[in-house]
Each structure stands twice: as structure tokens, then as C-alpha cells.
Amino acid sequence: MEEKQINNNIPENPKKKSHKKLISNLIFLTLLTVLVVILLLSMGEINKIGESLSHIGQNYIWLIAAIGLVLAYFILWPFSQCIYGKALKIKASFGESFLIGSSEHFYNGITPFAAGGQPFQIYSYTKRKVTTAQATGVILASFVTFMMVTNAFAIVSLFFWQDIWNGLTTLNMQWVIWVALVGFIINFSVLLFMIALGTNKHIRNVLVKLLTKLANWKIFHNEKHKLLNRFGNFLVNQIPNFELYCSNAQVAFKQVWSHKLATVLAIIIKIICMGCYYAIPFFLLKAVGIDIGFDKIPLVLFATSFAITSVVWMPTPGGTGGIEFAFQFVIAAVIGMSVKEDATAVCLLWRLVTFYLVIIISFILNAVFEAIASKRMKKEEQNV
């Protein structure tokens, strides 16, 4: 009986209340991007950075290869979600799941902690009459798969520890290791927490009790402190939603993981997907004229994984600000770049093709899904 109530609960359309927030997030991301670009350009002579980028004219084939990997990454990204949806026999087609999964880049890219994708995906699934429990389970399983794969890459990157440490020592950047340690701890903790949240009712109940006690704390209900009072009311209102999210996740999570073949296939595809993503910098290095042999592909690939894992804790949209500097320092260190302008040029190129290009494509595909879904809903209403 409880499961039926959960399954029939359709989330409210988040878009009705989030247009202003969406616009403000886009403005914030734009301003933050401008600031980061200015800071990156200030780290070297602009004309030398431009000179590094000018080598693309002679090495454009490598830039095309990098963009090809970006597209491969983008196409493969939602496949895990599609596979889990197919295993659960949800009402959304494979193509619809693909479009919904592709929208994740856009909503995650414009929200702090990359937290905007899941609510919009769940709502999009309900447009195709997929239950909230099933949608939550599919998306959570896909996210856990992603976390498992990225953590696996991060662990393997530690086998290149000596190369990374020697490079950072040469650049006098040993402090980056402490930043990386924080990132690694957070990344592993999130993976363990999400698995526990999807499988353990005791943990869910403990979290609900803690949130309830926090929400009822007197300091959050003092009318003299309007900001704290508002936060307290927000917590009180969100506790039922959190309970529902956990219940939905646990109902479908077990169903998803019971399909072992689908799970294995989803993990393999995600490994290929992230392998494409982490290998992109190698081809960008060659695009700006850096003489680097193909034997360095594994080093660059896992150094990129190391750099990204280091700054997962950044609260800015898409990790903007931290991810650029982490990437620049680590890549420069392992490749032994003596010219910092080359590293800056590669960093700018990398962020352009792996973040902004992906966000644009994601936005377009999300618009395509919205148009198709709206058209189908109108037809269904007319038939009724």
C-alpha cells in the first residue's frame, strides 16, 4: 500500500518556480566564467597565450579529434540511464531516456554542487507517465554507477602518484596534494553515502530524525532573525520531500541492481564514456603544438582524473574556478611544461569544449525533449 502511494506521487513541475532562479544561475555562471578567464589570462602574457592557440591552425586535426571525443562522451553519457530504464521496463522509450539523460549536463552545469539535474530529470520522466519511484531509482542508479567509475579512475591515478608529485614539486605546488586529499575523501564519502541511502532504511530514519531536530532548533524559529527563521521553515518543508525521495529511491534501487547484466553493461559503457572524457586533454596538448608522444596518453588521462577529483567539493556551477586551476597545475606538472602560457591555453581550450560546448548541446536536446513531450501530452488530452 505504501509503495502505491509513493509510485503515484507525481512531483510538482519545478519549472514553474525556477525560471528566475535559472536566469540568476546563468548570470552567475557567466560572471564567474569571465572572472576565471581574466585570472587565467593574468597568469601569463596574453600575446604568448594567443601564440600557443595559434598553433591550432597547423594542428587542427588534433582539435577535431578532441571534439570527437567530447561528442563520444556526450553520446555515451545517458546510455547507463537508458539501460537501467530498459531493465525496469519504464514507460519512457530508449530515445526519451537518452534525451532526458542528456539534459543533465545543462542543469548540473548551472547549479551549485551540480545539484540541479536530478529534479528536472525526475519531472521529465513523469511527463512520460513514469512513476516517481522508478524515475528516482533509475537516476540514482545511474549516478552511483558514475561515482563508482570515477572513483575507480581516481584510485588508478594514484599509481601515477610519483609523476604527479615530482611535477608539482618542480613547480613548487606541493600544496595541491592537500587539496586533492580533501577532494578524494569527499568523492568516496558521497559514493558510500548514496549507496547507503538507496539500500539502508535505518540510515534514512537517522537522517530524518537529525533533520527534524535541526529544523526544530529554537534558533531557527526566532522571528528576530529573519534569515535563520526562513532557513528553519525551509528545512521543515523539505523533510517530507526528503523522506519521499529516500522511499522512492529504496523502492526502485533494489529493483535496478537486481538486473546484474544491465548493471555490468552500464558500468562498462560508463568506463568507456569517462575514458573518452579524460583523454581529451592529450589531443588538446598536441593541438597547441606540445610535443608529446602517445605513450603519455595513460599519464594525461589519469592526471586529468586526479585533477577533477581534487576539486569535486567546489560549490560553484560546474566547479568553475577551482577545476580550471587544478587542471592547469596538474597537467603542467605531469607534462613538465616550462611555458605557463601553453598550460593556460590548453586549460582554456579544455574548459571550452568539455563544459560550455557540452552545456549548449545539452540545452538544445532538452528543448527537443520538451517540444516532443508537450506535443504528445496535447495529443493525449485531445484523445481523452
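The values are calculated or read from the model by the stated rules, or taken from the named source; none is laboratory data. Predicted, not measured: the structure shown is a model, and the values here were computed from it. Cβ: placed from backbone, ideal geometry, glycine included. Neighbour counts: every protein chain shown. When the accessible area is computed, the model is the full protein with side chains, heavy atoms only, and any ligands, DNA or RNA have been set aside. Shrake-Rupley method; radii C 1.70, N 1.55, O 1.52, S 1.80 Å.
At a Förster radius of 51 Å, what calculated FRET efficiency corresponds to the Cβ-Cβ distance of Ile360 and Leu228, to the nearest 0.05? Spell out each step's value before the answer.
Details: r = 39 Å, r/R0 = 0.77.
The formula returns an efficiency of 0.85 here.
Pairs Lys201/Lys379; Lys91/Lys209; Lys254/Lys378; Lys213/Lys254: which exceed 32 Å Cα-Cα? List each step's numbers first, then the result.
On the way: Lys201/Lys379 41 Å; Lys91/Lys209 35 Å; Lys254/Lys378 35 Å; Lys213/Lys254 29 Å.
Flagged as over cut-off: Lys201/Lys379; Lys91/Lys209; Lys254/Lys378.
In nanometres, what is the gap between the two model label sites at Asn237 and Lys91, each 7 Å from Cα along Cα-to-Cβ?
2.9 nm
Between Glu51 and Trp161, what is the FRET efficiency for a Förster distance of 30 Å, r being their Cβ-Cβ separation, to the nearest 0.05?
Numbers: r = 33 Å, r/R0 = 1.11.
Between Glu51 and Trp161 the formula returns 0.35.
Once the principal axes of the Cα atoms of the stretch 74-158 are found, what is the range along each, listed largest first in whole angstroms?
44, 28, 23
Which percent of the accessible area of the stretch 67-193 is formed by carbon and sulfur heavy atoms (probe 1.4 angstrom)? Could the numbers behind the result be given before it?
Details: 3720 of 5050 Å².
It is 74 percent, rounded to a whole number.
Explain nothing, just compute: Karplus ³J(HN,Hα) = 6.51 cos²θ - 1.76 cosθ + 1.60, θ = phi - 60°, for every residue of the stretch 85-99 in order, whole Hz, x for Gly and Pro.
Ordered by residue, 3J(HN,Hα) equals x, 5, 5, 7, 6, 6, 6, 5, 6, 4, x, 5, 4, 4, 5 Hz.
Could you give the spread of the C-alpha atoms of the stretch 61-103 along their three principal axes, from largest to smallest, in whole angstroms?
Result, largest extent first: 42, 15, 11 Å.
Output the peptides 88-98, 143-153 sorted from most to least packed, where packing is the average of other Cβ atoms within 10 Å over each peptide's residues. It would help to have the intermediate numbers written out before the result.
Values: 88-98: 17.2, 143-153: 19.6.
Per-residue Cβ counts within 10 Å, averaged per peptide and sorted highest first, yield 143-153, 88-98.
Kirkwood Rh and Cα-based Rg: tell me the resulting Rg over Rh for the stretch 149-253, rounded to two decimals.
Numbers: Rg = 20.4 Å, Rh = 17.2 Å.
Across the stretch 149-253, the Cα-based Rg/Rh ratio is 1.18.
Note the full-extension length gain between Ile61 and Leu352 as 0.36 nm times their separation in residues minus their Cα-Cα distance, in nm to one decimal. Can you show the working numbers first?
Values: separation 291, 0.36 × 291 = 104.76 nm, distance 1.71 nm.
Gain on extension, Ile61 to Leu352, equals 103.0 nm.
Using the heavy atoms of the protein chains alone and a 1.4 angstrom probe, what is the accessible area of the stretch 81-164 per residue in square angstrom?
Values: 2820 Å² over 84 residues.
Per-residue value: 34 Å².
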